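Below is one structure, written out as structure tokens; the observations come after it.
The values are calculated or read from the model by the stated rules, or taken from the named source; none is laboratory data. Just so it is clear, the structure is predicted and the values come from calculations on it, not from any experiment. Positions of Cβ are generated from backbone atoms using ideal geometry, with glycine treated the same way; all protein chains shown enter the neighbour counts. Remember, those area values only see protein heavy atoms, side chains included, never the ligands or the DNA or RNA. Shrake-Rupley method; radii C 1.70, N 1.55, O 1.52, S 1.80 Å.
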Amino acid sequence: MTSLALLAGGLLLLLLGGVAFLRLQGPYERLQGAGVGDIGGAALFLIGLFVRDWSTTGWVGVLLLLFLLFTGPVATHAVAKAAFVRGLRPKGGGRCP
Amino acid sequence: MGLKGWLEVGVLVTAALPLFRLWKGPTLWDRLAATSSLNVRVALVLACEASFTGRGLLLDVALAYAALGFLGTVLLARFGERGER
């Protein structure tokens, strides 16, 4: 029963991550919204899968979860840094470091 | 359709939004963010398929896919940063 709640929560966060692509203006906001929503939704979804049936997922699933948790923000950062270097400034101006 | 079908359809329906951004996104960076988002969702569908049907191999495929998706996003971002545009 808890797995259903976790799976539904994961789907909801995935939806919110998707909505971030619609509602937010500018690449930086979308990167932030989507990055948080996706990885959170994926984490909840995967934990729901583990809780539901550990025999079929096992430690490889935990490895996938840890991988997503670590590389999600790194990918978002890489894109944001590339955008900043190419001269795209966020709304607040964003001084160079 | 079983729970598996509903979950996968749910993930793929939420994938429509980044797909829209991938199509419309004015800048390259929107498209890279949408691609990264789509990669995570495909890996999730694979993991869901593996978990429900009991085929452990699909989970390894999901892990490999997530790794390659991440690699692709970072390399494209690096290329966009230093590209010859």
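Structure above, values below:
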item	result
Principal axis dimensions, chain A - Cα atoms, whole angstrom, descending	50, 25, 14
List of segment B:40-57 residues, accessible area with partners at least 40 Å² below that of the chain alone (1.4 Å probe)	B:VAL40, B:ARG41, B:LEU44, B:SER51, B:PHE52
Surrounding net charge for B:LEU22, when Lys and Arg each add one and Asp and Glu each subtract one, Cβ distance under 10 Å	+2
Distance in nm between pseudo-label sites at B:ALA67 and B:VAL9 (7 Å out along the Cβ direction from Cα)	3.4 nm
Apportionment of accessible area to carbon and sulfur, segment A:2-88, percent (1.4 Å)	75 percent
Whole-number D in µm²/s for segment B:31-85 (Stokes-Einstein; Kirkwood sum over Cα pairs; 20 °C, 1.002 mPa s)	179 µm²/s
Of all accessible heavy-atom area on chain B, the percent that carbon and sulfur account for (1.4 Å)	73 percent
Longest segment of chain A lacking trypsin sites (Lys or Arg not before Pro) that sit in a DSSP loop with at most 11 other Cβ atoms within 10 Å	A:1-90
Segment A:14-97: chymotrypsin sites (Phe, Trp or Tyr not before Pro) falling in loop per DSSP and having at most 14 other Cβ within 10 Å	none
Those residues of segment A:8-25 for which accessible area with every protein chain present is at least 50 Å² below the isolated value (1.4 Å probe)	A:LEU11, A:LEU14, A:PHE21, A:LEU22
Rounded Å value of the spacing that divides the Cα centres of segment B:14-85 and segment A:34-93	10 Å
Efficiency of FRET between A:ASP53 and A:LEU24 - r from beta-carbon atoms, R0 45 angstrom, step 0.05	0.80
Karplus 3J(HN,Hα) series, Hz, for segment B:56-68 with 6.51 cos²θ - 1.76 cosθ + 1.60 (x for Gly, Pro)	x, 4, 4, 5, 5, 4, 5, 5, 5, 5, 5, 5, 5
Pairwise burial B:A, computed as accessible area of each alone minus the pair, summed, 1.4 Å, Å²	3600 Å²
Over segment B:31-85, relative contact order from alpha-carbon pairs under 8 Å, at least 6 apart, %	39 percent
Cα gyration tensor of the protein assembly as shown - equivalent ellipsoid semi-axes, whole Å, descending	30, 16, 13
Residue-normalised accessible area of the protein assembly as shown, given per residue in Å² at a 1.4 Å probe	51 Å²
Percent of Cα pairs exceeding the 18 Å cut-off, where the set is segment A:4-61	40 percent
Rounded if a/c under 1.5, otherwise prolate or oblate - segment B:1-49, Cα gyration tensor axes	oblate
